[in-house]
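> Here you go, one structure.
The values are calculated or read from the model by the stated rules, or taken from the named source; none is laboratory data. Everything numeric in this text was worked out from a predicted model, so none of it was measured. Don't worry about glycine lacking a Cβ; one is built from the backbone with ideal geometry, like all the others, and counts go over all protein chains shown.
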């Protein structure tokens with residue numbers, strides 16, 4: 001968070017410096033005749049830019065929260081799968097599933113979603129996850145109790161696979177390039193307008209331009225950061241998988 005504020009402060013200083021240079025190079029008095037028309041343009045453009053920026057921030061924030069929720073659901077699903085396996089009353093089976101879940105969780109914890117952050121899928125994680133299916137395929141039983149448990153295990157593993165697939169898909173989803181381009185273009189135009197606005201009072205001119213520069217810098221950093229939930233200052237961590245391993249070790 002400190003880095004974001006520092007970068008925004010630097011952007012503010014650059015905007016203030018640009019405003020001073022513009023006031024030195026051009027006479028604000030010459031532009032005052034068009035201030036009413038410029039004011040109308042700023043009102044319309046500012047409204048459109050505000051709606052666009054709010055929509056994009058809402059979109060990336062929702063995407064970030066959904067990805068975090070799917071990570072937590074997957075970790076909880078692994079713990080529940082192990083609980084179901086215990087009901088088979090087969091220590092060897094329970095141990096195999098526990099070892100596979102542990103291996104899969106440790107891979108995710110060690111990787112910290114860095115492959116997904118770079119736009120790639122982790123094949124090793126997928127291979128270990130599919131070992132659970134191989135273990136389930138090899139289950140044999142000869143009574144109704146195990147048959148009921150087996151149905152629950154198969155159903156739960158299917159749901160867990162769907163959650164994992166959705167989590168990976170959501171993790172790799174990014175804002176369309178054109179949408180981000182419009183945001184950056186709109187931000188540049190907004191800052192440029194306030195740099196060149198014909199304010200009579202120099203201090204008010206610098207304060208307004210600097211404030212707009214600071215806020216827009218924060219918005220751009222927020223969008224860039226949340227668009228990739230595994231890179232930047234606000235990151236989704238594999239902490240839910242750490243808790244899953246702790247619960248399996250301590251509670252069972």
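> Would you point out the residue of the range 226-239, among those that are at pLDDT 90 or above and surrounded by fewer than 18 Cβ atoms within 10 Å (Cβ to Cβ), that is nearest to the chain's Cα centre (by Cα)?
So, considering only residues that are at pLDDT 90 or above and surrounded by fewer than 18 Cβ atoms within 10 Å (Cβ to Cβ), the one nearest to the chain's Cα centre (by Cα) is 237.
> Still on this structure: Among the numbered conditions (1) over 30 Å from residue 20 (Cα atoms); (2) at pLDDT below 85, tell me where residue 197 comes up short.
(1)
> Residue 108 - would you say it is touching a helix residue (DSSP H, G or I) at 6+ places or on another chain (Cβ under 6 Å), under 29 Å from residue 232 (Cβ atoms) and crowded, with 18+ Cβ neighbours inside 10 Å? If you could, list the steps in order and put the result at the bottom.
Values: touching a helix residue (DSSP H, G or I) at 6+ places or on another chain (Cβ under 6 Å): yes; under 29 Å from residue 232 (Cβ atoms): yes; crowded, with 18+ Cβ neighbours inside 10 Å: yes.
Yes, satisfied.
> Here's something else I'd like to know. Out of all the residues in the range 122-144, which are loosely packed, with under 13 Cβ neighbours inside 10 Å, at pLDDT below 85 and either more than 18 Å from residue 81 (Cβ to Cβ) or touching a strand residue (DSSP E or B) at 6+ places or on another chain (Cβ under 7 Å) (or both)?
The answer is 140, 142, 143, 144.
> Inspect the range 208-219 for any residue being closer than 15 Å to residue 23 by Cβ, in contact with a helix residue (DSSP H, G or I) (Cβ under 6 Å, 6 or more places away or on another chain) and either assigned to a loop (DSSP other than H, G, I, E, B) or touching a residue at least 60 places away in the same chain (Cβ under 8 Å) (or both) and give the result as yes or no.
Yes, the conditions are met somewhere in the range 208-219.
> Just for the range 162-180: of the residues that are outside any loop (DSSP other than H, G, I, E, B) and free of Cβ contacts under 8 Å to residues at least 12 places away in the same chain, which one is farthest from residue 52 (Cα to Cα)?
As a first pass, look at the range 162-180 and keep what is outside any loop (DSSP other than H, G, I, E, B): 162-172, 177-180.
Okay, now just the ones that are also free of Cβ contacts under 8 Å to residues at least 12 places away in the same chain, so 162, 165, 169, 177-178.
On the way: 162: 33, 165: 30, 169: 25, 177: 14, 178: 12 Å.
By that ranking, first place goes to 162.
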